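Below is one structure, written out as structure tokens; comments come after it.
The values are calculated or read from the model by the stated rules, or taken from the named source; none is laboratory data. It should be emphasised that the depicted structure is a prediction, and the values quoted were computed from it without experimental measurement. Every residue, glycine among them, receives a Cβ derived from its backbone with ideal geometry; neighbour counts consider all protein chains shown. Protein only, heavy atoms only, side chains kept; ligands, DNA and RNA dropped before computing areas. Shrake-Rupley method; radii C 1.70, N 1.55, O 1.52, S 1.80 Å.
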Amino acid sequence: MRLIFGLLLAQLLGPAAWAGDETHIADQIRDFLAPHIFKLNREMMTFHYTMAETEDAYRPGDLAEIASEAKFWGKDFYNVDATSYDLVGPGHYVAIDPTSSRIFGGVADPQLYVVPINAGTVILDARPELKTSQRFFFDLNTSLGCYNNPTPEQPNSTKEPRLNSQTIAKWIQLFRASNNLTCRKALIQAFADLKINAILYDYNSNELANCRHNRGEAVSIISPEAVVADQIAYFSHKKFFDPHGIGGFVTGLYTEGSKDPEFWENLLPGQEPMPASLQPTDATVANYENWKAKFIFGCGPKWNTETDKLSWREVAFQIRDKNLYQLRTELFKAYSKKMADPVNPFNTRPLNLYLLRGYQRRLATLAGVDFAVWNAAQKKYTSGLGDVDNALVETARILGEDPKPLQKIAEIDMEKIEDDMLRALIRYNTQPDLLGAWMAGLGMGPKLSLLFTSQYLHFAGAIPVVNKTFYLTYLRECLQQYQDPQMTSNQIRRGECGVISGRPRFTIR
């Protein structure tokens, strides 16, 4: 009640009512975040990469030096003068497996730190809570003007991001980096009141056998108290420090993680899978499964942050077709071989963008719509997600369909629809066309239904399989092109398997 009253008062009186009252604002933020904190119920192993390719790169001399450095990890989060546009503000970022963050180790000589996080560490779960975080933080930002600064990517921009559909993690990033000192101080004070040591947020993770499929998380350490400093292990090509003998276990994680096709899609050309100093030993191999179940997030007994509710990520893993992903892996390898040249340095994202754009061209053909019109409709829908009802109506108009039959989104029980779709998406793995038919039942025309379905599957984290046969045919044609020694990279770029339409700002995977 106090939270609602505080926000209402702020809206009635405006920003001046809040100005200079960091403590009151901090109380509101603390009360909102409190239900999302938990204490880690057992020690958890995490993984952090740095590069050692340049002459001035930091290379630790011994274990004592590493432990000494760890005493400062994450402290900047609580320093009000330190700003950062990182995912959840200043912190020491660690992954929950050593494969998903391999790219941060560079190519020539990756340095891997295995960082144990203490049992009892206070963690904020900042994974998506779209409805509640939208209602609270958006209203708070409207009252205070917390987000009023450009980003490093757009230093001259005054355009605000789409603020009305952001996760808790995104709001932390925006408030923590705000030029409005009141907002920054209030957020930091709320974290201090809750004694938060680390932040759990969404991030890609590679599959491991006998583990749950919704392991898509990472951690930002914002207090050195979270780290078991004297037990940090270190591996590189040239040396290693392994105080508790886990090298073989970490190698096991690599062996399993590298079987996930997505792992290979995130390697750069020439990038070795793991540091050379990681080697399996008989002693660790024998106990590997027990170690993994005990220390790796999403493996073994459920961690106290895990719920029984089916997540989007878990559904995405369940509906993904292994043969399809293997085909994408082969395509990736052929692409990297064909396109890695000095004229166009290799990047991990263009292939995904090529496949997406090329497939969207095919979908436009399937829908009987000119690609330029299809592209315009897709942009209208994705740019208008803050107001889904209006976005659907405008998208329908662009596609030449009557938007009148569309039900008002406000009149639809979206939670029920999401639950229905979560259960149904698994079935659509073998009958993907049914998804379009199901969406058409909401009043969408066939063209809008097809576009909406493909985007919905993207947001669910799945490959855009609206018509699996259609998609597989497209991928096989592209693979044949990339493997054809007679076709040049420029020839491929001009076709559907290498669509060029400006430098991409992001990629939907």
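A few notes on this one:
- Accessible surface ranking for Thr182, Thr46, 1.4 angstrom probe, highest first: Thr182, Thr46.
- The slack between Ala286 and Phe138, meaning 0.36 nm per residue of separation minus the straight C-alpha distance, is 48.1 nm.
- At 0.692 mPa s and 37 °C, Stokes D of the stretch 174-283 from Kirkwood alpha-carbon radius, µm² per second: 190 µm²/s
- Environment charge of Ile66, counting only residues whose C-beta is closer than 14 Å and scoring Lys/Arg +1, Asp/Glu -1: -2
- Label-to-label distance, nm, for residues given as Glu69 and Lys259 (7 Å Cα→Cβ offset): 3.3 nm
- Cα→Cβ-extended label distance, 7 Å offset, between Asp484 and Ala376, nm: 3.2 nm
- D by Stokes-Einstein for the stretch 45-128, Kirkwood Rh over Cα pairs, 4 °C, 1.567 mPa s: 89 µm²/s.
- Legend: residues Met444, Met51, Met274, sorted from most to least accessible area (1.4 Å probe; ligands, DNA and RNA excluded), read Met51, Met274, Met444.
- Estimated FRET transfer efficiency when R0 is 41 angstrom, pair Ile103-Lys195 (beta carbons, to 0.05): 0.80
- Once the chain from Asn179 to Asp86 is taken as fully extended at 0.36 nm per residue, the excess over their C-alpha distance is 32.0 nm.
- Gain in span if fully extended, Arg476 to Ala34, counting 0.36 nm per residue against the direct Cα distance: 154.1 nm
- Of Asp81, Asp230, Asp193, Asp139, the order by accessible heavy-atom surface (1.4 Å probe, DNA, RNA and ligands excluded), from most exposed downward, is Asp81, Asp230, Asp193, Asp139.
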